[in-house]
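Everything below concerns the one structure shown next.
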Amino acid sequence: MSYRGILFDLDGTLVDTVVAWVDSWLATLSSFGPEITRERFLSEVYLKNRALGEVLESLNLDPSIEPEFRRRRDERYIGELANVSWLSGAPELLERARAQAPVAIVTAAWVSYVDAMDAVLDLRSRVDLVITADDTPGKHKPAPDGLLMAAERIGAPPEDCLYVGDQEFDMVAANRAGMESCFVRTDHARGHIQADRTIGGLSELRFD
């Protein structure tokens, strides 16, 4: 079909940030006491896009530490983003997509993270719009709010949009927004992910 809007997730879909994000979380957790395995973190936190407060509660940590925890984690992570890189084929894919329709990024990352990536990758110049977690407080994926906001701002009906992501909650958000979903399979995915399309890498994505 001919799309009127092409939307992308950011972390793990276009930009290689997963290891840095997980490492920053685990190092910060360790500084407050709890030691959890990388596998447990991936399955119970990362793949579920759980809010920080919920994670702290599940680990029996005092909720009052949330501001300091966030500060330490973000300081570590933003420092790591000085070495961030595109995933293979991402810049070329964005160029192809933009030749077809307006392109937006809809991410659960905070704007401070996106700013750090942009400083290295000049990411905002490659798309028409970026929607971050700051734009949809309390309504992050799998809620469809960010996707619907992006569609409205680029002037594209949701049913004429494609959303590309690497997590199950990305596909759920696309479905709730009434968009076509495309799942990019990665090493971090678990089990069968329901999506309109599934690809093994960005080079496989076609817009016709």
Helix axis angle, 66-80 relative to the chain longest principal axis, alpha carbon, degrees: 60
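Under a Cβ-only charge scheme (Lys and Arg +1, Asp and Glu -1), can you give me the dipole magnitude of segment 92-169 about the Cα centre, in debye to the nearest 20?
Values: 7 positive and 14 negative charges, 10 e Å.
The calculated dipole for segment 92-169 is roughly 40 debye.
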Where Lys and Arg each count +1 and Asp and Glu each count -1, what net charge lies around Cys182 among other residues with Cβ under 12 Å from its Cβ? -3
Two-site FRET efficiency, Arg71 against Asp16, from Cβ-Cβ distance with R₀ of 22 Å, rounded to 0.05: 0.35
Could you work out how far the C-alpha centroid of segment 11-53 sits from that of segment 66-106, in angstrom? 16
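Over the chain, what is the relative contact order in percent, taking alpha-carbon pairs closer than 8 angstrom and at least six residues apart? Before the final figure, lay out the partial values.
On the way: 327 pairs, mean separation 55.1, N = 208.
Value for the chain: 26 percent.
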Could you tell me what percent of the accessible area of the chain is made up of carbon and sulfur, with a 1.4 Å probe and every protein chain present? 47
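Heavy-atom accessible area per residue, the chain, 1.4 Å probe: how many Å²? Could you put the intermediate results ahead of the total?
Working: 9670 Å² over 208 residues.
Each residue of the chain exposes 46 Å² on average to a 1.4 Å probe.
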Give me the one-decimal nm value for the distance between modelled label points at Ala99 and Glu35, 7 Å along each residue's Cα-to-Cβ direction. 5.3
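Per-residue ellipticity at 222 nm for the chain, helices alone: DSSP H runs ≥ 4 residues times -39500 (n - 2.57), over residue total, nearest 500 deg cm²/dmol?
Value at 222 nm, helices only, nearest 500: -12000 deg cm²/dmol.
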Of Pro144, Pro67, Pro91, the one that fluctuates the most in a GNM where the chain has Cα springs shorter than 10 Å: Pro67
DSSP-loop GluC sites (Glu not before Pro) across segment 110-185, with at most 11 other Cβ within 10 angstrom: none
Candidates Ala195, Ala51, Ala143: whichever shows maximal mean-square fluctuation once the chain is modelled as a Gaussian network with Cα springs under 10 Å: Ala51
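The values are calculated or read from the model by the stated rules, or taken from the named source; none is laboratory data. Computed from a predicted structure; not experimentally measured. Neighbour counts run over all protein chains shown; Cβ positions are idealised from the backbone, glycine included. Note: accessible area is taken over every heavy atom of the protein model, side chains too, but ligands, DNA and RNA are not part of it. Shrake-Rupley method; radii C 1.70, N 1.55, O 1.52, S 1.80 Å.
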